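Contents: one structure, followed by commentary.
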Amino acid sequence: MVSVVHSVAAQSGLEHSLKTLCEGLSEDESERVHRAAEYAQSIYQDRKLGSGEGVWHHALGMALILVGLKLDADCRLAALLFAVPTYEKEGLTHIEERFGQAVTQLVGGISRLNQLRPITRGFVAHSAESGEQNPAEMKAQIEILRKMFLAMVEDIRVVLLRLASRTQTMRHYATEPDDLRVPVARETLELYSPLANRLGVWELKWELEDLSFRFLYPDVYKKIAKQLDEKRAEREQFIADAVARLREELAAAGISNAEIYGRPKHIYSIWNKMRKKGVEFSEVYDIRALRVIVDEVKDCYTVLGIVHNLWSPIPKEFDDYISHPKGNNYRSLHTAVSCPDGRALEVQIRTREMHKHAELGVAAHWRYKEGAKRPAGSNYDEKIAWLRQLLSWKDEVSDSSDWVKHYKEAALDETIYVMTPQGRVVDLPRGATPIDFAYRVHTDLGHRCRGAKVDGALVTLNTPLETGQRVEIITAKQGGPSRDWLNSSLGYLFTHRARAKARQWFANLALEQSVADGRAIVARELQRMGETSTKLDELATKLGFAKSDDLFIAVARAELSTRQLQTAVRGTDEAAEDKVPAEPPVRKHKASDDADKGILIVGVDKLLTQLAGCCKPAPPDPIVGFVTRGKGVSIHRADCPNFANMEAMQPERVIETAWGSETDGVFAVDIVVEANDRQGLLRDVSEVLTKEKLNVIAVSTQSKQGAAHMRFTAEISNLSQLKRTLAQLHEVQGVVGARRA
């Protein structure tokens, strides 16, 4: 087992503690430890932490825990000096002058993480005690906190220092109860023990879990502890007999140097297993447990055969984590067997190398001594692959002196973690701005954003955010985004989500204006016709619209003429000759009979025409022609950007064009759909197109960061059909916008 020093109080004195701190260090490193201890004591004096523990007592306890984890001299010095910047104005500068840059960076990293403590503790406490968030949201937020914790450090040893600090705090609360120990225990169980688990620092994980469980559920803790103690003597005797018998059998099989000992079962893990499996204490199979450590992998399977020969294996209680390691690269054989007394015995079998990894995890493999070499055949990259796989936070590490450089390169370069004023952590892509943050928190907050404070200081709205910053948005009471935000060269919006929200606001604004304009046109026309009592919803239905707003939009966009409106109101096509025409008179055209059924070119008969593919005009779009070389007249929509460019360069080629009296046939149009991506989205959109009997001749879809962009080229017979299709597309779940390109 790993030897971790459990309390400063257990030391006979400062001299003994310093001697322990220097274990495994060179003479020069030991001298640095003594100097750091003297310097720290002179700074800390009788000062106390918020927990009530003396600062020096806490620093020494942290350092002794790191000795048990076999960490290097720089880590031990950083533990002793962790609070110097808090009590000395130029603390980091003095540390660098006395002990070097490496120690200074570690101490600076601890200081940054310590700034998170009130935030993380406050959020965890709020999540546990309030019902404002559902369990899934709370779990997601705590996971983001864990990621942020690792993202804020430039050296993973800082996290190990923080875990040692929290372990020392929990030990202090075990001897000196305090009102803070319950929220601290809850934070420890939610944030720190999972980090220790993922980093593989099992000794600290188990201790953090047991102490947290003891403070949070004292009655349950005492009950399980009592059940363990009641038959401790009997259990210890059974383990001793089992060890002796197994050692004898292994020696007979030629495995004489195996280590065999009873494995302690931690109270929190017992309770967790009882809770998850819904069983009583007596049904937990691994209360009595052995661990066998051998030299080679082949010996593991030999021992397994001997164990199953001595005792009867329990069905479905065997796990081969050697052939199939866990996600964190944990490797071992686990089996449970039934003994003659009818009770179960769990046996874990592993090699010494597997045991070293299981006990200390990354702390067992990361060494930082100057000039350290990677051990031959150690497959170091494989040992840390679990960190990359589980967390997706780091990419490449090295155990030599260039570790920090590699760690920086492998840090979370695609994600940042920033905080709201209330302490909620928000994850964003690197490069995100305060406006992206505002839209991430709430759409309305993004619309009304007018300024931002980062860590209390005003910043411009296109300032890139960094991990660990606290962002406060300054808002207007009402209003919307600025069009400048959509200018990519200005850098206001980085995320696709925020850009889509801003565009949608302007689209809705234009829609509202169209409704107002169309309503005014319809009201004016009805007044001229003396039909002011006409029910607008019924009129809209008569013209094929789902609601009156759709009618107003069609009128405002000239998709529905006033003549069509008159016909619908009066039920006849008799034009009121005495009325002033609502539209300007159409020019007279010379055209062939064939042209009457298609496109009219002013003053020209039987001229070859083709519909432009860039804007795909369809009646009754306003159109204009451009004389091409060898391909006749290319017909564009009047608002086509390509036509505007061609007109500016060669205005003499522009020719007046209009639709003929008959426009039978189909016309190609592009339909753009913006939506929140989800499973089945493309299917639902396609069903709408099929329902409207549109022939889709081209499809392009793209999904990025949860947003989907779809473009369909479909053949339509008239714009009313297109209008109905767009209205139905807006009703599809997740669709935020559907429009003609």
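The values are calculated or read from the model by the stated rules, or taken from the named source; none is laboratory data. Not measured: the values here are computed from a predicted model. So basically every Cβ, Gly included, is an ideal-geometry build from the backbone, and we count neighbours across all protein chains shown.
Exactly one residue out of 576, 558, 568, 582 is farther than 24 Å from residue 718 by Cβ, modelled with pLDDT under 85 and of a type in the set (A, V, I, L, M, F, W, C): that is 576. Within region 220-240, is even one residue among the small types (Gly, Ala, Ser), at pLDDT 85 or above and either under 24 Å from residue 159 (Cα atoms) or crowded, with 18+ Cβ neighbours inside 10 Å (or both)? No: zero hits. Taken as a whole, the condition of being farther than 23 Å from residue 74 by Cβ, modelled with pLDDT of 70 or more and crowded, with 23+ Cβ neighbours inside 10 Å applies to residue 208.
Total residues in region 459-492 satisfying the condition of being in a loop (DSSP other than H, G, I, E, B), hydrophobic (A, V, I, L, M, F, W, C) and under 17 Å from residue 428 (Cβ atoms): the figure is 2. Residue under question is residue 524, and the condition is that it be outside the structural domain of residue 443 (by TED's automatic domain parsing), in a helix (DSSP H, G or I), of a type in the set (Lys, Arg) and out of contact with any Leu (no Cβ under 8 Å at 6 or more places or on another chain); does it hold? So residue 524 passes the test. Residues of region 247-263 that are assigned to a loop (DSSP other than H, G, I, E, B) and touching a residue at least 12 places away in the same chain (Cβ under 8 Å): 253, 255, 257, 258, 263. Here is a check on your reading of the model: is residue 679 loosely packed, with under 13 Cβ neighbours inside 10 Å, in a loop (DSSP other than H, G, I, E, B) and either over 25 Å from the mean Cα position of the chain (by Cα) or without any contact (Cβ under 8 Å) to a residue 40 or more places away in the chain (or both)? Criteria met by residue 679.
On inspection, residue 25 qualifies as assigned by TED's automatic domain parsing to the domain that holds residue 185, surrounded by fewer than 23 Cβ atoms within 10 Å (Cβ to Cβ) and among the hydrophobic types (A, V, I, L, M, F, W, C).
Read through the list (1) modelled with pLDDT under 85; (2) touching a strand residue (DSSP E or B) at 6+ places or on another chain (Cβ under 9 Å); (3) among the aliphatic types (A, V, I, L, M), then give the number of the only condition that residue 509 fails. Here residue 509 meets the rest and fails (2).
Looking at residue 652, is it under 22 Å from residue 554 (Cβ atoms), more than 53 Å from the chain's Cα centre (by Cα) and modelled with pLDDT under 80? Outline the logic, then answer.
Numbers: under 22 Å from residue 554 (Cβ atoms): no; more than 53 Å from the chain's Cα centre (by Cα): yes; modelled with pLDDT under 80: yes.
Criteria not met by residue 652.
So in region 70-107, with the set limited to residues that are assigned to a helix (DSSP H, G or I) and acidic (Asp, Glu), which one is farthest from residue 169 (Cα to Cα)? Spell out the reasoning first.
Here is the first cut: in region 70-107, the residues assigned to a helix (DSSP H, G or I) are 73-80, 84-87, 91-99, 101-107.
Within this subset, residues satisfying the condition of being acidic (Asp, Glu) are 74, 96-97.
Values: 74: 21, 96: 27, 97: 29 Å.
Restricting to residues being assigned to a helix (DSSP H, G or I) and acidic (Asp, Glu), the top hit is 97.
In the set (1) exposed (fewer than 13 other Cβ atoms within 10 Å of the Cβ); (2) among the hydroxyl-bearing types (Ser, Thr, Tyr); (3) in contact with a helix residue (DSSP H, G or I) (Cβ under 7 Å, 6 or more places away or on another chain), the condition left unmet by residue 42 is number (3).
Of all residues in region 33-65, those being basic (Lys, Arg) and more than 42 Å from the chain's Cα centre (by Cα) number 1. The number of residues in region 434-468 being in contact (Cβ under 8 Å) with a residue 40 or more places away in the chain and in contact with a Ser or Thr (Cβ under 6 Å, 6 or more places away or on another chain) comes to 1.
Between 551, 543, the distinction of being under 24 Å from residue 621 (Cβ atoms) and in contact with a Phe, Trp or Tyr (Cβ under 7 Å, 6 or more places away or on another chain) belongs to 551 only. Residues in region 310-324 that are surrounded by 11 or more Cβ atoms within 10 Å (Cβ to Cβ) and not in a strand (DSSP E or B): 310, 311, 314, 317, 318, 321, 322. Just give me the residues in region 278-294 being surrounded by fewer than 18 Cβ atoms within 10 Å (Cβ to Cβ), touching a helix residue (DSSP H, G or I) at 6+ places or on another chain (Cβ under 9 Å) and modelled with pLDDT of 70 or more, in sequence order. Of everything in region 278-294, those that are surrounded by fewer than 18 Cβ atoms within 10 Å (Cβ to Cβ), touching a helix residue (DSSP H, G or I) at 6+ places or on another chain (Cβ under 9 Å) and modelled with pLDDT of 70 or more turn out to be 279, 280, 281.
Residue-wise test of (1) crowded, with 17+ Cβ neighbours inside 10 Å; (2) more than 30 Å from residue 730 (Cβ to Cβ); (3) modelled with pLDDT under 75.
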site: 591; (1), (2), (3): yes, yes, yes
site: 639; (1), (2), (3): no, no, no
site: 644; (1), (2), (3): no, no, no
site: 656; (1), (2), (3): no, yes, no
site: 665; (1), (2), (3): no, no, yes
site: 673; (1), (2), (3): yes, no, no
site: 684; (1), (2), (3): no, no, no
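For region 45-69, filtered to residues that are buried (at least 20 other Cβ atoms within 10 Å of the Cβ) and not in a helix (DSSP H, G or I), the residue that is modelled with the lowest pLDDT is 69.
Selection of region 706-723 for residues being among the polar types (S, T, N, Q) and assigned to a strand (DSSP E or B) yields only 713.
Residues are listed down the side, and each one gets a yes or a no for (1) touching a Leu at 6+ places or on another chain (Cβ under 7 Å); (2) aromatic (Phe, Trp, Tyr); (3) in a helix (DSSP H, G or I):
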{"site": "505", "(1), (2), (3)": "no, yes, yes"}
{"site": "516", "(1), (2), (3)": "no, no, yes"}
{"site": "546", "(1), (2), (3)": "no, no, no"}
{"site": "559", "(1), (2), (3)": "yes, no, no"}
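Scanning region 334-357 for residues that are among the hydrophobic types (A, V, I, L, M, F, W, C) and crowded, with 17+ Cβ neighbours inside 10 Å, we see that the one that is nearest to residue 280 (Cα to Cα) is 344.
Within region 527-544, being small (Gly, Ala, Ser) and assigned to a helix (DSSP H, G or I) holds for one residue alone: 540. The single condition among (1) farther than 26 Å from residue 225 by Cβ; (2) surrounded by 19 or more Cβ atoms within 10 Å (Cβ to Cβ); (3) not hydroxyl-bearing (Ser, Thr, Tyr) that residue 297 does not meet is (2).
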